[in-house]
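Asker: Pasting a structure below so you can have a look.
The values are calculated or read from the model by the stated rules, or taken from the named source; none is laboratory data. Since we're looking at a predicted model, the values are computed, not measured. So basically every Cβ, Gly included, is an ideal-geometry build from the backbone, and we count neighbours across all protein chains shown.
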Amino acid sequence: MKRQTLSILSLLLFAGFASAQSAIVPAGGDAQSNGGSVSYTVGQIAVQTATNSNGSFSVAEGVQQPYEIMTVGVDDYPQIVLSAVVYPNPTENLAQLQLNGFEIPADGLRAILYDGNGKQLQSVTVTDDLTPFQIGQYATGTYYLELRDEQRVLKTFKVIRR
């Protein structure tokens, strides 16, 4: 009896700590017909295609892959609140740097894009809260966007180009 109780208790405890995959996606829903139903999300990466018996319908099954845009490095200036917004994430062409809670100096800031080896690829003057920059001409990979004023690096962001 003790063993059975311990097993049930362990199973319940494990179930309390287990979690499933979840994602915030731009669109999705449920589709139903006489032949069945399916739940779908837009933004999944296709890994397998399933086709019905007569070949008139196919569906790409996928797994949601997370992509993160985050500040990297040491935060020497916690009083400065900056965020990077990249849409779509990851981006293929256009990325946007959005500044929140920071007064831009009259002469602006510099946003410098580096590749993974530290090579400077481009430099953009930031004079507005929302600054677009093109990364579509570069290869797929991870890039770093450094935001600087005249004296120091304010923040560094990781940008993913697919």
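Asker: If you check every pair at least six apart or on different chains, which have Cβ atoms under 6 Å apart with a residue in region 138-153 that is under 17 Å from residue 127 (Cα atoms) first and a residue that is of a type in the set (Gly, Ala, Ser) and surrounded by fewer than 10 Cβ atoms within 10 Å (Cβ to Cβ) second?
Answerer: none
Asker: Looking at region 131-139, is at least one residue of a type in the set (Val, Ile, Thr) and modelled with pLDDT under 80? Write out each step before concluding.
Answerer: Residues of region 131-139 that are of a type in the set (Val, Ile, Thr), as a first pass: 131, 135.
From what is left, the residues that are modelled with pLDDT under 80 are none.
No, that holds for no residue.
Asker: List the number of the failed condition for residue 142; all other conditions in (1) under 23 Å from residue 100 (Cβ atoms); (2) among the polar types (S, T, N, Q); (3) modelled with pLDDT under 90 hold.
Answerer: The number of the failed condition is (1).
Asker: Is there any pair linking a residue in region 99-116 that is in the same structural domain as residue 157 (by TED's automatic domain parsing) and more than 13 Å from residue 150 (Cβ to Cβ) to one that is exposed (fewer than 15 other Cβ atoms within 10 Å of the Cβ) and of a type in the set (D, E, K, R), with Cβ under 6 Å and at least six apart or on different chains, and which?
Answerer: 99/129
Asker: Ok, one more. Filter region 100-141 for residues that are in a loop (DSSP other than H, G, I, E, B), small (Gly, Ala, Ser) and under 18 Å from residue 153 (Cα atoms) and give the result. Spell out how you get there, then give the answer.
Answerer: Restricting attention to region 100-141, the residues satisfying the condition of being in a loop (DSSP other than H, G, I, E, B) are 100-108, 115-119, 127-129, 135-140.
Add one more test, that the residue is small (Gly, Ala, Ser), and what stays is 101, 106, 108, 116, 118, 136, 139.
Once the filter is applied, which keeps residues that are in a loop (DSSP other than H, G, I, E, B), small (Gly, Ala, Ser) and under 18 Å from residue 153 (Cα atoms), region 100-141 yields 101, 106, 108, 116, 118.
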